[in-house]
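Asker: Sharing a structure below in structure tokens format, with a few things to ask.
The values are calculated or read from the model by the stated rules, or taken from the named source; none is laboratory data. The structure displayed is predicted, hence computed values, not measured ones. In this analysis, Cβ positions are derived from the backbone assuming ideal geometry, glycine residues included, and neighbour counts consider all displayed protein chains. In case anyone asks, the SASA skips ligands and DNA or RNA and just uses the protein heavy atoms, side chains included. Shrake-Rupley method; radii C 1.70, N 1.55, O 1.52, S 1.80 Å.
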Amino acid sequence: MSHLAAFTSKLQPKLRNSLLQRYASDFVRINEHSAAEESLRRGKEQAERAAEKAEAANRAKSEFLANMSHELRTPLNAIIGFSDIMKGEMLGPLENTTYKGYVGDINNSAGHLLEVINDILDLSKIEHGDIELNEEEVDVTKVVESCLTIIEDRAKKGNLKLSYDPPESLPKLWGEARRVKQILINLLSNSVKFTPPGGEVSVQVLVEKSGNLAITVFDTGIGIAAEDMEQIMTPFGQAHTGLNRKYEGTGLGLPLSKMFVEMHGGALIIESDLDVGTAVCALFPASRVLPMRDA
């Protein structure tokens, strides 16, 4: 046997083993790549199924809320309407004063429940992008005065001073009057709710040097702790939790107000100190402040 033949025969097992090892490592790499692709494919499928389930759940929630809205609003409107008639004694006097009190309580409770239902529906619509602004010229002065009239009775019952010093002239705002009113009612309601008897709630409206329009509600209430700020801006989130909470509510007022202000391109700003008070400002951008017209 020649030296070359002997060397080749000696080398062949090593070559064979080397080739086997190479093929084995290639096989492992191919399998690993295939496993990674399979894992990625399965993960993608799971994510798509989860997204489909979430979308279906959202649709079901929206349909449920829409149906419940109709089912609840219809009897509530009847309760509010009939109790209004009885409260105003339009069909004759209610001789028993206790009944008069009950009728007033029924009317107030039904109205409050209707507000809660409307807030929940608004939140659901905003989350799904189903709400658009019906824009028009908004007379801010009239909106503020209307809101103060609505909240005045609550302030009196709470033994609170309610004040507003309107500016001599105020430009109109381009936006949706109903939403601006809803923002202010929510802010005033919170201030009245969280201000102890003998306190004060005030409204200030002004156009800043930047051209932004600021509607601010001040109160001398219990204030908000810094660690609770994030919680109160979360839908249904409240700083005071537990079954024995002194202050009742759904926790939707501030989150909805924030959403409505942001729909106008603005921002909701809160400054508060515990046991001192709170100031909440609905800031509307200068682009929505209309030029003043000559008288």
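Asker: Which residues, taken from segment 267-295, are without any contact (Cβ under 8 Å) to a residue 24 or more places away in the chain and part of a loop (DSSP other than H, G, I, E, B)?
Answerer: Across segment 267-295, the qualifying residues are R293, D294, A295.
Asker: Ok, one more. Looking only at segment 194-207, which residues are among the β-branched types (V, I, T), touching a Ser or Thr at 6+ places or on another chain (Cβ under 6 Å) and open to solvent by 60 Å² or more (accessible area, probe 1.4 Å)?
Answerer: Once the filter is applied, which keeps residues that are among the β-branched types (V, I, T), touching a Ser or Thr at 6+ places or on another chain (Cβ under 6 Å) and open to solvent by 60 Å² or more (accessible area, probe 1.4 Å), segment 194-207 yields nothing.
Asker: Filter segment 250-292 down to residues that are touching a Leu at 6+ places or on another chain (Cβ under 7 Å) and among the charged types (D, E, K, R) and give me whichever is least open to solvent (accessible area, probe 1.4 Å).
Answerer: This residue is R288.
Asker: For segment 67-76, indicate whether the set of residues that are under 20 Å from I120 (Cα atoms), modelled with pLDDT of 60 or more, hydroxyl-bearing (S, T, Y) and open to solvent by less than 60 Å² (accessible area, probe 1.4 Å) is non-empty.
Answerer: In the first step, residues of segment 67-76 are kept if they are under 20 Å from I120 (Cα atoms); the result is 67-76.
Applying the additional criterion that residues be modelled with pLDDT of 60 or more yields 67-76.
Now drop any that are not hydroxyl-bearing (S, T, Y), which leaves 69, 74.
Those still in the list that are open to solvent by less than 60 Å² (accessible area, probe 1.4 Å) too: 69.
The answer is yes, given that some residue of segment 67-76 is under 20 Å from I120 (Cα atoms), modelled with pLDDT of 60 or more, hydroxyl-bearing (S, T, Y) and open to solvent by less than 60 Å² (accessible area, probe 1.4 Å).
Asker: Out of all the residues in segment 82-105, is one or more in contact (Cβ under 8 Å) with a residue 24 or more places away in the chain, assigned to a helix (DSSP H, G or I) and open to solvent by 60 Å² or more (accessible area, probe 1.4 Å)?
Answerer: Residues of segment 82-105 that are in contact (Cβ under 8 Å) with a residue 24 or more places away in the chain, as a first pass: 83.
The next check asks that each one be assigned to a helix (DSSP H, G or I); those that pass are 83.
After this cut, where a residue has to be open to solvent by 60 Å² or more (accessible area, probe 1.4 Å) as well, the list is none.
No, every residue in segment 82-105 fails to be in contact (Cβ under 8 Å) with a residue 24 or more places away in the chain, assigned to a helix (DSSP H, G or I) and open to solvent by 60 Å² or more (accessible area, probe 1.4 Å).
Asker: Going by the conditions given, is N108 part of a helix (DSSP H, G or I), open to solvent by 70 Å² or more (accessible area, probe 1.4 Å) and at pLDDT below 85?
Answerer: yes
Each row is one residue, and each column tells you yes or no for (1) open to solvent by less than 10 Å² (accessible area, probe 1.4 Å); (2) within 19 Å of M259 (Cα to Cα); (3) assigned to a helix (DSSP H, G or I); (4) modelled with pLDDT under 95.
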residue: W174; (1), (2), (3), (4): no, yes, no, no
residue: R178; (1), (2), (3), (4): no, yes, yes, yes
residue: I185; (1), (2), (3), (4): no, yes, yes, yes
residue: V192; (1), (2), (3), (4): no, no, yes, yes
residue: K209; (1), (2), (3), (4): no, no, no, yes
residue: H240; (1), (2), (3), (4): no, no, no, yes
residue: Y247; (1), (2), (3), (4): no, no, no, yes
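Asker: Out of segment 118-151, which residues are at pLDDT 90 or above and acidic (D, E)?
Answerer: Residues satisfying the conditions are E135, E136, E137, D139, E145.
Asker: Could you grab me the full set of residues in segment 267-295 that are closer than 14 Å to N190 by Cα and hydroxyl-bearing (S, T, Y)?
Answerer: Answer for segment 267-295, where residues must be closer than 14 Å to N190 by Cα and hydroxyl-bearing (S, T, Y): S272, T278.
Asker: OK, next. Report whether or not S9 is surrounded by fewer than 10 Cβ atoms within 10 Å (Cβ to Cβ), over 25 Å from N186 (Cβ atoms), modelled with pLDDT under 65 and among the hydroxyl-bearing types (S, T, Y). Explain how you work it out, then say what you get.
Answerer: Details: surrounded by fewer than 10 Cβ atoms within 10 Å (Cβ to Cβ): no; over 25 Å from N186 (Cβ atoms): yes; modelled with pLDDT under 65: yes; among the hydroxyl-bearing types (S, T, Y): yes.
Spelling it out, it is not the case that S9 is surrounded by fewer than 10 Cβ atoms within 10 Å (Cβ to Cβ), over 25 Å from N186 (Cβ atoms), modelled with pLDDT under 65 and among the hydroxyl-bearing types (S, T, Y).
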